[in-house]
Amino acid sequence: MALGFFSSLFGKNDRYLGIDIGTTSIKLVEVERGKGLPVLKNYGMLESYGYLERSNEVIQASSLKFYEKEVVALLNYLLSRMKPRSHQVIASLPSFLVFNTILELPLMSQEDTVKSMGYQARQYIPLPLTDVTLDWLKVGEREINGIRFQQIFLIAVTNEHVERYKSLFKKVGLKLVALESESLASIRSLALKDAVPTLIVDIGARSTNIAITEGGYLRFNSQTDFASFSLSQSIAQGLNITISRAEEMKRRHGLLGTGGDYELSTLMMSSLDAILSEIGRAMNEYEARYGNTLAVSGKRRLERIILTGGGAKLRGIEKYIEEQFGLPVVKVNPFSRLLFDEQMGPIIEEINSYFSVAIGLGIRQFL
Ligand SMILES: Nc1ncnc2c1ncn2[C@@H]1O[C@H](COP(=O)(O)OP(=O)(O)OP(=O)(O)O)[C@@H](O)[C@H]1O
Ligand SMILES: [Mg+2]
């Protein structure tokens with residue numbers, strides 16, 4: 001398998017499965033080439049509730065434990081219900097398994113850039129190059145002190161992870177044809193071709209992924225382990241209740257409700273603020289790096305925040321983040337990149353936050 005982060009896949013497949021294996025759930029879409037927009041043929045999601053009661057058990061953890069048995073069982077179940085026609089999978093790698101950076105090299109010919117990339121990669125990647133699969137793409141140019149520089153987005157994944165993902169899909173009768181970082185997938189479904197500098201926050205159960213995109217490219221990526229599960233934990237501790245009950249209260253009331261004598265928002269605030277502080281750090285770092293091209297000095301370079309992931313469903317979160325950063329917070333529906341049967345319509349509003357990564361993967365070959 002060519003890692004194919006950036007290159008298009010060869011062949012004439014007209015249908016792919018986009019599969020996002022999160023820490024607590026799996027999302028799958030089947031997408032077919034369309035005359036205009038790609039067509040959604042099928043979708044499904046399966047949450048593993050085991051992680052709530054046995055909080056050390058997630059289906060994927062940043063400790064790199066990949067609970068293959070559980071993932072295989074969940075995938076088999078999803079596949080048996082969905083019966084997809086395609087077996088070709090484009091899957092995402094969680095950002096914590098992907099090394100990526102933006103390098104700036106003096107502008108040179110494509111040929112010389114290719115030659116110097118091996119050397120450059122060695123400076124940035126903390127692993128022997130024989131152990132990793134590399135890919136890179138030019139994403140921009142700028143002038144610094146009269147010299148023209150090109151910006152190169154460099155991405156690396158250990159071969160071990162590539163092999164594990166391949167073997168996982170083989171076990172359920174599917175073929176992995178490309179792997180991609182979840183940030184790139186969500187940019188495709190949420191902010192493709194948008195020139196506006198945008199910060200995308202994907203609040204999952206166990207990790208929050210922050211990606212900054214400008215001109216349609218990923219420019220900055222970071223993550224934190226403070227995520228939606230942290231909010232449930234704070235409620236459970238604060239009210240001395242089970243995590244399942246806390247989870248239910250979080251989902252029902254969000255930042256807008258009370259839990260007896262307490263405002264639930266007060267209980268969740270320390271975890272929520274930990275997420276916000278990572279967002280603030282990402283913004284500052286990005287603006288310190290690229291701020292010199294600010295059109296109007298003193299104005300933020302970033303113009304908006306897109307919230308996604310199950311954690312973005314928290315009631316009241318948009319307003320809170322908007323107030324904290326003074327930027328508009330928007331939710332974008334990733335299903336709007338697709339054509340689909342009207343009958344699927346009603347529940348899409350309910351679930352669209354979960355599907356930005358899977359849809360980004362599913363439409364990858366059809367744009
Ligand atoms: N209405 C809601 N309000 C608040 N949180 C919610 C709501 N609905 C779902 N969530 C939270 O969304 C989280 C799951 O989101 P998602 O499916 O994006 O995570 P994941 O992709 O499995 O995890 P990760 O991205 O960390 O690997 C859960 O922690 C859940 O509590
Ligand atoms: Mg996720």
Qualifying helices (runs of 4 or more DSSP H) (wholly inside segment 156-246; at least 2 residues being hydrophobic (A, V, I, L, M, F, W, C), within 11 Å of ligand 1 (Cβ to nearest atom) and touching a residue at least 60 places away in the same chain (Cβ under 8 Å)): 228-239
Residues that are part of a strand (DSSP E or B) and either of a type in the set (Phe, Trp, Tyr) or open to solvent by 10 Å² or more (accessible area, probe 1.4 Å) (or both), drawn from segment 83-97: Gln88
Given the criteria at pLDDT 90 or above and either within 16 Å of ligand 2 (Cβ to nearest atom) or open to solvent by less than 30 Å² (accessible area, probe 1.4 Å) (or both), does Gly259 qualify? no
Taking segment 185-213, which residues are more than 14 Å from ligand 2 (Cβ to nearest atom) and under 16 Å from the mean Cα position of the chain (by Cα)? Ile187, Arg188, Ala191, Leu192, Thr198, Leu199, Ile212, Thr213
Kindly establish whether Ile306 is open to solvent by less than 10 Å² (accessible area, probe 1.4 Å), more than 13 Å from ligand 1 (Cβ to nearest atom), modelled with pLDDT of 90 or more and in contact with a helix residue (DSSP H, G or I) (Cβ under 9 Å, 6 or more places away or on another chain). yes
Being farther than 17 Å from Leu307 by Cβ and either without any contact (Cβ under 8 Å) to a residue 12 or more places away in the chain or part of a helix (DSSP H, G or I) (or both) is the filter; apply it to segment 262-281 and report the residue that is most open to solvent (accessible area, probe 1.4 Å). Arg281
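Rundown of residues vs (1) modelled with pLDDT of 90 or more; (2) more than 17 Å from the chain's Cα centre (by Cα); (3) not assigned by TED's automatic domain parsing to the domain that holds Glu342, yes/no style:
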| site | (1), (2), (3) |
| --- | --- |
| Asp14 | yes, yes, no |
| Gly22 | no, no, no |
| Tyr67 | no, yes, no |
| Ser80 | yes, yes, no |
| Val114 | no, yes, yes |
When you scan segment 123-133, do you find a residue that is surrounded by 15 or more Cβ atoms within 10 Å (Cβ to Cβ) and of a type outside the set (A, V, I, L, M, F, W, C), even just one? yes
Are any of the residues in segment 36-54 within 30 Å of Val139 (Cβ to Cβ), basic (Lys, Arg), away from ligand 1 (no atom under 16 Å from the Cβ) and modelled with pLDDT of 85 or more? no
Go through segment 169-204 and report how many residues are surrounded by fewer than 22 Cβ atoms within 10 Å (Cβ to Cβ) and touching a helix residue (DSSP H, G or I) at 6+ places or on another chain (Cβ under 6 Å). 3
When the residues of segment 331-367 are narrowed to those that are open to solvent by 50 Å² or more (accessible area, probe 1.4 Å), within 15 Å of Ile306 (Cβ to Cβ) and not in a loop (DSSP other than H, G, I, E, B), which ends up farthest from ligand 2 (Cβ to nearest atom)? Ser336
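The values are calculated or read from the model by the stated rules, or taken from the named source; none is laboratory data. Here the structure is a predicted model, which means the values were calculated and not measured. Ideal geometry is used to build each Cβ from the backbone, glycine not excepted, and the neighbour counts take in all protein chains shown. Accessible surface areas use protein heavy atoms only, side chains included; no ligands, DNA or RNA. Shrake-Rupley method; radii C 1.70, N 1.55, O 1.52, S 1.80 Å.
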